[in-house]
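Novice: What follows is a single structure, and I will ask about it in a moment.
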Amino acid sequence: MIKIAICDDMKEQLENLCSLTREYCTEVKLEAEIKVFSHPNDLLNACENELFHIYILDIVMPMINGIFLGKEIRLSDKEAQIIYTTTEPQFAIDSFAANPINYLLKPIEKQKLYDTLSLAVSKVKNYIDKSLCIRTSDFYRNIAFSDIVFCEYNKHIVIYTLQNGETVKTISNRIPFSEHIIPLIKDKRFLQPHTSFVINMYKVKRMTQDAFEMQGGYLIPIAQKRKSQARDTYLEYILGKGGNII
């Protein structure tokens, strides 16, 4: 399910954006959860406990404008698709700081919003649809990359910890951990900070000198010899650019 957050301090505009987004999801048969926020602080508070795949943000709002809000979202979520809406075209250049997928002027044109949502959804699906097939004691299990918080190697068993708290274990095998994790390492979201661990950088809450604190409170150690590379890779990931302006 794709999660969409809409933030606008004007009630009528918020209701219109929500209505158009719901109509789009119905029309394209997209399973989505849509949450609305009338103040940017409410959205920031919500983001402490959950992340959204798509954010539709007004730019001119009280206390916290949409540009600052988008930049705050980017600090913890590089993969999210941000769509700006505004009556003020002069903020277009400033909006690049949050790397939005598009910048829509109000009044919102239905087809332009639909086209932008279609592009955003395609990018999100490309991100969340990748999966890994592993062999467990019960048979085989497909695990979505987007569900993985981290995996750990212990006595020839790889243990996957998922975002819902579930752990999935492979059968004991003689394949080196370095070979088992190749599909993950090829994906830009994953990093190996320690010989026995691979983390999903999308699920990192913060990086300390010696560990990554993951969603769920898990602490994953950073090996001394990997500290410099781990730091550089993680910073490149959270500061990197992606997406296009249309």
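Novice: For Y24, state whether it is outside any helix (DSSP H, G or I), in the same structural domain as I73 (by TED's automatic domain parsing) and modelled with pLDDT of 95 or more. Show your work before the answer.
Specialist: Working: outside any helix (DSSP H, G or I): no; in the same structural domain as I73 (by TED's automatic domain parsing): yes; modelled with pLDDT of 95 or more: yes.
No.
Residues are listed down the side, and each one gets a yes or a no for (1) buried (at least 18 other Cβ atoms within 10 Å of the Cβ); (2) touching a residue at least 40 places away in the same chain (Cβ under 8 Å):
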residue: P183; (1), (2): no, yes
residue: S196; (1), (2): no, yes
residue: N200; (1), (2): yes, yes
residue: T208; (1), (2): no, no
residue: M214; (1), (2): yes, yes
residue: L219; (1), (2): no, no
residue: R226; (1), (2): no, no
residue: D232; (1), (2): no, no
residue: E236; (1), (2): no, no
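Novice: Still on this structure, I have one more. Yes or no: I101 surrounded by fewer than 18 Cβ atoms within 10 Å (Cβ to Cβ) and touching a Leu at 6+ places or on another chain (Cβ under 8 Å)? Break it down stepwise before answering.
Specialist: Details: surrounded by fewer than 18 Cβ atoms within 10 Å (Cβ to Cβ): no; touching a Leu at 6+ places or on another chain (Cβ under 8 Å): yes.
It is false that I101 is surrounded by fewer than 18 Cβ atoms within 10 Å (Cβ to Cβ) and touching a Leu at 6+ places or on another chain (Cβ under 8 Å).
Novice: Return the pairs, sorted by first residue and then second, in which the second residue is surrounded by fewer than 19 Cβ atoms within 10 Å (Cβ to Cβ), the first residue lies in region 109-127 and is acidic (D, E), the beta carbons are less than 8 Å apart, and the residues are 6+ apart or on different chains.
Specialist: Here the result reads D115/I246, each pair linking region 109-127 to a residue that is surrounded by fewer than 19 Cβ atoms within 10 Å (Cβ to Cβ).
Novice: Taking F190 as the residue in question, decide whether it is aromatic (F, W, Y), at pLDDT 95 or above, within 23 Å of P221 (Cβ to Cβ) and crowded, with 18+ Cβ neighbours inside 10 Å.
Specialist: Working: aromatic (F, W, Y): yes; at pLDDT 95 or above: yes; within 23 Å of P221 (Cβ to Cβ): yes; crowded, with 18+ Cβ neighbours inside 10 Å: yes.
Yes: the conditions hold for F190.
Novice: Given I83, I93, which one is crowded, with 16+ Cβ neighbours inside 10 Å and outside the structural domain of K203 (by TED's automatic domain parsing)?
Specialist: Working: I93 fails: crowded, with 16+ Cβ neighbours inside 10 Å.
Exactly one of I83, I93 is crowded, with 16+ Cβ neighbours inside 10 Å and outside the structural domain of K203 (by TED's automatic domain parsing), namely I83.
Novice: Quick one: is S19 among the hydroxyl-bearing types (S, T, Y) and in contact with a strand residue (DSSP E or B) (Cβ under 9 Å, 6 or more places away or on another chain)?
Specialist: On the way: among the hydroxyl-bearing types (S, T, Y): yes; in contact with a strand residue (DSSP E or B) (Cβ under 9 Å, 6 or more places away or on another chain): no.
When the stated conditions are applied, S19 does not pass them.
Novice: OK, next. Would you confirm, using the coordinates I've provided, whether K112 is touching a strand residue (DSSP E or B) at 6+ places or on another chain (Cβ under 9 Å) and farther than 27 Å from S76 by Cβ? I'd like the intermediate steps shown before the answer.
Specialist: Working: touching a strand residue (DSSP E or B) at 6+ places or on another chain (Cβ under 9 Å): yes; farther than 27 Å from S76 by Cβ: yes.
So K112 fits the description; yes.
Novice: Those residues that are small (G, A, S) and closer than 13 Å to K169 by Cβ, I need them from region 111-159; list them, please. Spell out how you get there, then give the answer.
Specialist: From region 111-159, those small (G, A, S) are 118, 120, 122, 131, 137, 144, 146; that's our starting set.
S137 - this is the single residue of region 111-159 that is small (G, A, S) and closer than 13 Å to K169 by Cβ.
Novice: Only one of Q209, Q215 is touching a helix residue (DSSP H, G or I) at 6+ places or on another chain (Cβ under 9 Å) and within 23 Å of G165 (Cβ to Cβ); which?
Specialist: Values: Q209 fails: within 23 Å of G165 (Cβ to Cβ).
When all the criteria are applied, what remains is Q215.
Novice: Among (1) outside the structural domain of A223 (by TED's automatic domain parsing); (2) within 23 Å of K225 (Cβ to Cβ); (3) among the polar types (S, T, N, Q), there is one condition T116 misses while meeting the rest; what is its number?
Specialist: It fails just one condition, (2).
The values are calculated or read from the model by the stated rules, or taken from the named source; none is laboratory data. Here the structure is a predicted model, which is why all the values come from computation and not from measurement. As a convention, Cβ positions derive from the backbone with ideal geometry for all residues, glycine included, and neighbour counts pool all protein chains shown.
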